[in-house]
Structure formats: structure tokens, C-alpha cells
Amino acid sequence: VWVSPRALLVNGQRRPYLRNSGHEAARAARLLSTATGGSVDVLAVIVVVGAKLTRRNTPDGVAVITIRELAAFLSRNANPARSAVSTEIIRHAVVQPRTWSRSGSAPELSTDHLLWFLDLRDRVRSAARRRNAWVLAALAGSLGTLVGAFDLVIATVTAVSL
């Protein structure tokens with residue numbers, strides 16, 4: 001993942017994540033401010049997991065960090081004094097479906113959504129098992145090569161000393 005002030009690339013392909021995150025943060029700030037009756041600041045954060053992050057420079061309005069940086073980032077930036085509204089009022093507004101939806105009810109997840117996520121989870125687990133099997137096979141092959149080389153050295157030393 002490569003990031004600059006105006007672009008985020010994943011495997012060399014430009015992705016709209018910076019723009020989308022900024023828009024979603026602005027939307028969340030607007031909806032939370034309306035729900036709480038005060039000004040609520042929202043910071044967009046993109047957390048990169050399982051990939052190397054290269055920063056050319058820092059984008060405005062969107063923090064792009066790695067999973068290892070997340071705890072420290074949250075500690076530095078979770079400052080209740082930044083908002084004119086109390087943390088409890090914001091927390092209450094966040095969990096209310098009417099804050100996020102015009103209809104006031106949470107969207108229903110269909111069986112198709114659930115099946116898609118279950119399939120994705122299974123594919124991720126399968127890929128991890130396959131990757132681990134390749135690592136074990138490579139280690140076993142390396143160990144076999146070392147044992148074979150050791151046997152050859154012992155045989156050579158034995159033959160020379162006779």
C-alpha cells in the first residue's frame with residue numbers, strides 16, 4: 001500500500017479510499033452533530049492490515065496507519081476535549097439506528113450477506129492453512145537437504161580416514 005496526499009495505491013492500482021473515507025467522516029460528523037445538538041469532530045482513519053505501508057506524505061483529513069500503530073494512534077487522538085459534546089452523549093448517538101438511517105431502523109442483513117461473509121472467512125482460513133503447509137514443506141525440504149549433506153560429509157570423512 002502506497003499513500004500520498006492525493007492518492008492511495010494498492011498493488012499499484014489507485015483506489016478511492018482516501019476520498020471515500022473523507023466523505024464518510026464528514027457524513028458521520030454531520031449526522032452525529034445533528035443527533036447530539038452540538039459540534040462533533042470525526043477523523044477518518046484507514047488501517048492497513050497484512051501489507052507494507054509506504055508513505056510519500058500524509059494526506060489531509062485522513063489518517064493512514066498500520067495495525068501496529070493503531071493503539072498508539074487511538075491513545076493520541078481519542079481526546080474528549082476535541083468535541084463540544086460529551087463522550088457519553090456521542091456514544092449514545094452512535095448506537096442509535098436513527099442517527100445513521102433516514103428510516104430510523106437498522107438495515108437488515110440478508111442470508112446472502114451472511115453466506116458471503118461465511119464463505120469469505122472459510123477462504124481466508126483455507127489460504128492460511130495452505131500457506132502454513134507450504135512453509136512446513138519448505139522447512140522439511142531444507143532439513144532433509146541438511147541431513148543429506150551431513151550424511152555425505154560423515155561418509156566422506158569416514159572414507160578418507162580409512
- For region 1-39, name all the residues that are among the β-branched types (Val, Ile, Thr) and surrounded by 15 or more Cβ atoms within 10 Å (Cβ to Cβ). Val1, Val3, Thr36
- Message: Could you list, ordered by first residue, the pairs with Cβ atoms under 6 Å in which the first is in region 39-65 and in a loop (DSSP other than H, G, I, E, B) and the second is among the basic types (Lys, Arg), at least 6 apart or interchain?
- Response: Asp41/Arg82
- Task: Among the residues of region 74-128, count how many are at pLDDT below 85, surrounded by 10 or more Cβ atoms within 10 Å (Cβ to Cβ) and among the β-branched types (Val, Ile, Thr).
- Result: 2
- Message: Is it the case, given these coordinates, that Ser21 is under 30 Å from Ser86 (Cβ atoms), in contact with a strand residue (DSSP E or B) (Cβ under 8 Å, 6 or more places away or on another chain) and without any contact (Cβ under 8 Å) to a residue 60 or more places away in the chain?
- Response: yes
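The values are calculated or read from the model by the stated rules, or taken from the named source; none is laboratory data. This one's a predicted model, so the numbers in the text were calculated from it and none came from an experiment. Cβ atoms come from the backbone with ideal geometry, glycine included; neighbour counts cover every protein chain shown.
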